[in-house]
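What follows is one structure encoded as structure tokens, with my remarks underneath.
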Amino acid sequence: MGEVKIEKWVYGGAGLARAEGHVVMTPFVLPGEVVQVEEVKRRAQMVEARATGFIEKSEIRAEPQCEYFTKCGGCHYQMAPYEFQVAQKVEIVREVFRRVGKLDAPAEIETIAGEPWGYRNRSQFHFGGHSLGYKAPGSDRVVDVDQCPISSPAINAALKTLRAKRRDKHFPRFLKEIELFTNGERTMVNVIESERGVAKGFFQWLGESIPGAADGALEY
């Protein structure tokens, strides 16, 4: 499609640019960067694209700390310093007020920011073939993930247990998607999608290794 200059981030993590009368949405780019893009999908006046090269990189671009970043769809902002991420999310909220709510945003929007890593206490993981992890961006392909740096230690411990138990012959092979939620002491396991019903004994079995898992549930 050619060269575009990224104007800003928008809700969902993509960078917005304009070209040939279209809005171009490209993930994993920073405002101000000049990027070579390739069209992925087009609908009406919007084009979803992917970056194929950088002509001008932002001075603040950071090195992602996760080996799966850009490969899985778990997060979108690791190429930016955490302080910049927080500030940009405030601007995204302002735009949602204006564009969606048709309201003036408050002059000051207070932010409550946690640690840049290990903060996520709820994560959803997908099963695909021999893989257990997140879906690749814009795809149903499951990227196998050993651990997620933005998820809490309890989530990662539960993920490790799931990966180990999956090798057991009793593990239900028909599971499609599972959610882990933790308060730091207990970790709830909820089945979000499955090809068929899951017995209560499954949660009790997980509860032997994951504190709180026995209280899990189906959420179809």
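Only one of these is part of a loop (DSSP other than H, G, I, E, B), more than 19 Å from the chain's Cα centre (by Cα) and of a type outside the set (A, V, I, L, M, F, W, C): 95, 108. Name it. Sole residue among the options that is part of a loop (DSSP other than H, G, I, E, B), more than 19 Å from the chain's Cα centre (by Cα) and of a type outside the set (A, V, I, L, M, F, W, C): 108. Being on the phi < 0 side of the Ramachandran plot, of a type in the set (A, V, I, L, M, F, W, C), in contact with a Leu (Cβ under 9 Å, 6 or more places away or on another chain) and free of Cβ contacts under 8 Å to residues at least 12 places away in the same chain is not true of residue 84. Does residue 26 meet the test of being surrounded by fewer than 17 Cβ atoms within 10 Å (Cβ to Cβ), assigned to a strand (DSSP E or B) and not charged (D, E, K, R)? Answer is no for this residue. Quick one: is residue 147 touching a residue at least 40 places away in the same chain (Cβ under 8 Å) and polar (S, T, N, Q)? When the stated conditions are applied, residue 147 does not pass them. Scanning the range 109-134 for residues that are touching a residue at least 24 places away in the same chain (Cβ under 8 Å) and more than 30 Å from residue 176 (Cα to Cα) gives 111, 113.
Scanning the range 1-23 for residues that are assigned to a strand (DSSP E or B) and of a type outside the set (A, V, I, L, M, F, W, C) gives 2, 3, 5, 8, 15, 18, 22. A Cβ distance below 8 Å, combined with a sequence gap of six or more or placement on separate chains, defines the contacts here; from the range 187-204, residues that are touching a residue at least 24 places away in the same chain (Cβ under 8 Å) reach residues that are buried (at least 17 other Cβ atoms within 10 Å of the Cβ) and among the hydroxyl-bearing types (Ser, Thr, Tyr) in the pairs 188/182.
Of 137, 106, 149, all but one fail to be farther than 22 Å from residue 182 by Cβ, outside the structural domain of residue 29 (by TED's automatic domain parsing) and touching a Cys at 6+ places or on another chain (Cβ under 8 Å); the exception is 137. What are the residues in the range 117-129 that are at pLDDT 90 or above and in a loop (DSSP other than H, G, I, E, B), if any? Result: 117, 118, 119, 121.
Scoring residue 12 on the criteria (1) in contact (Cβ under 8 Å) with a residue 24 or more places away in the chain; (2) exposed (fewer than 14 other Cβ atoms within 10 Å of the Cβ); (3) more than 20 Å from residue 94 (Cβ to Cβ) leaves a single failure, condition (3).
Only residues that are under 14 Å from the mean Cα position of the chain (by Cα) and among the hydrophobic types (A, V, I, L, M, F, W, C) were counted across the range 128-156, and they come to 6.
Residues in the range 170-209 that are surrounded by fewer than 15 Cβ atoms within 10 Å (Cβ to Cβ) and small (Gly, Ala, Ser): 184, 197, 199, 201, 209.
Across the range 138-145, not a single residue is classified as touching a helix residue (DSSP H, G or I) at 6+ places or on another chain (Cβ under 6 Å) and on the phi < 0 side of the Ramachandran plot.
The values are calculated or read from the model by the stated rules, or taken from the named source; none is laboratory data. This is a predicted model, so every value here is computed, not measured. Methodologically, a virtual Cβ is constructed for each residue, glycine included, from the backbone with ideal geometry; neighbour enumeration extends over all protein chains shown.
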